[in-house]
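To start, the structure under review is shown below, and the notes come after it.
The values are calculated or read from the model by the stated rules, or taken from the named source; none is laboratory data. Everything numeric here is computed off the predicted structure, so don't read it as measured data. A quick note on method: Cβ atoms are made from the backbone with ideal geometry, for glycine too, and the neighbour counts reach across all protein chains shown.
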Amino acid sequence: MNPGQITFELLLSDFDLSRLPVDEAALKADGGLLASTVRAYYEDCFRKLGGSTAIAVADGKISVTWFGGDEKPAEAILNHAIHLLTQGEFHAAEPLLRGLLAHDPRNGAVLYNLGMMLSDQGRLDEAIESLEELVELDEAGANAWNALGIAQQRKGQTEQAVESLKKAVALDPENAYGLRNLAAVLAGKSPEEALPLFAKAVELLPDDPNAHIGLGQCLLVLGKDELADGVLKKVIELDPYGEMAERARSLRTRLSESFMREDSGASPNQSGIDACLNAIQIFAEANQEKVQAVTFEVAMLGRSGLGINDPTAKYTLKSLPGKFTGLQLVALMYVGLQQIAPGQDAGIDLSREFQIAQGIAGEPRS
């Protein structure tokens, strides 16, 4: 074989006709149409790689030869496929990866990238099959077992996922993603076992919000609320507008609410009543536009977290004069939402405090 070319062959019966832009029934009914469509498909796949491509469709098989003028054509194709994957172009990357696999069924890099791609697409049976082939190779390491464990967990195969992820960590105790993923799988049933794994993952991945949110949730389950709050603050700092930060804010709000409740939630909180009463009095002299401005400004400020257990008046607003405590701001948002969008979730339950404050203020209770 020319060192600058690579050839692979696939059975037509193994080809996923849904990849083609022509109706499957029409393709199956017309062999000539099928051959020309498959040929055009692979020509398009290899066009961006340059070189030239020879494609034949006959006797129920697809034969593809790429002449790249490179002494390592398989490596060139793989690098291009990986580039496509990073761009999210799975549809374009898959035929290249499957072609390489047909050329060399024991190519670990191809099996890994194909398995990860299939897993991310939710094609979990195919992903697990590819990754199980990968871990049988002598070259398979921690990343291979980690990828398999992720696919198994997504499939709901929790026990198998734990075993795979434990193998990943055993092969590489410093594999941060293996530690994080193993901890995430264990956290539901054994938070005590998950905690040190999350802690190690955070140490190795200090800028990873996923590792931090896992650690924070684990600390909450174990009743280590103050430590959890510090970790959740870090999540918001790392990714203030991301999904993990939103989850952290929600958890911190619930945590603050539990801190605030007297007698473990059995009684309304006096500070909360005072804050709601203050908000009612402020809004009593404000029009609807003013109420909206204050409410929305507090909501935006709250994205970075508000210390509702800190009695210090340290927050300022553009829409109102003076300084406020975190609890006063949360009460302003809660009371404001009751006026402009009754029933909307404010992220914290001040309903009892609000009703009592309404009674003190002489307002009809909602």
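So the values come out like this:
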{"quantity": "Given (1) more than 15 Å from the chain's Cα centre (by Cα); (2) exposed (fewer than 15 other Cβ atoms within 10 Å of the Cβ); (3) farther than 21 Å from residue 175 by Cβ, number of the condition residue 241 does not satisfy", "calculated": "(1)"}
{"quantity": "Among (1) over 16 Å from residue 338 (Cα atoms); (2) of a type in the set (D, E, K, R); (3) surrounded by 18 or more Cβ atoms within 10 Å (Cβ to Cβ), the one test that residue 323 misses", "calculated": "(3)"}
{"quantity": "Extreme residue, modelled with the highest pLDDT, among residues of the range 258-279 that are assigned to a helix (DSSP H, G or I) and of a type in the set (S, T, N, Q)", "calculated": "278"}
{"quantity": "Matching entry among 81, 140, 102, 147 (being touching a Leu at 6+ places or on another chain (Cβ under 6 Å), surrounded by 23 or more Cβ atoms within 10 Å (Cβ to Cβ), modelled with pLDDT under 95 and outside the structural domain of residue 187 (by TED's automatic domain parsing))", "calculated": "81"}
{"quantity": "Search result, residues across the range 280-311 that are of a type in the set (D, E, K, R) and modelled with pLDDT under 90", "calculated": "285, 303, 310"}
{"quantity": "Strands (runs of 3 or more DSSP E) wholly inside the range 1-118 containing at least 3 residues that are closer than 27 Å to residue 129 by Cβ", "calculated": "5-11, 61-67"}
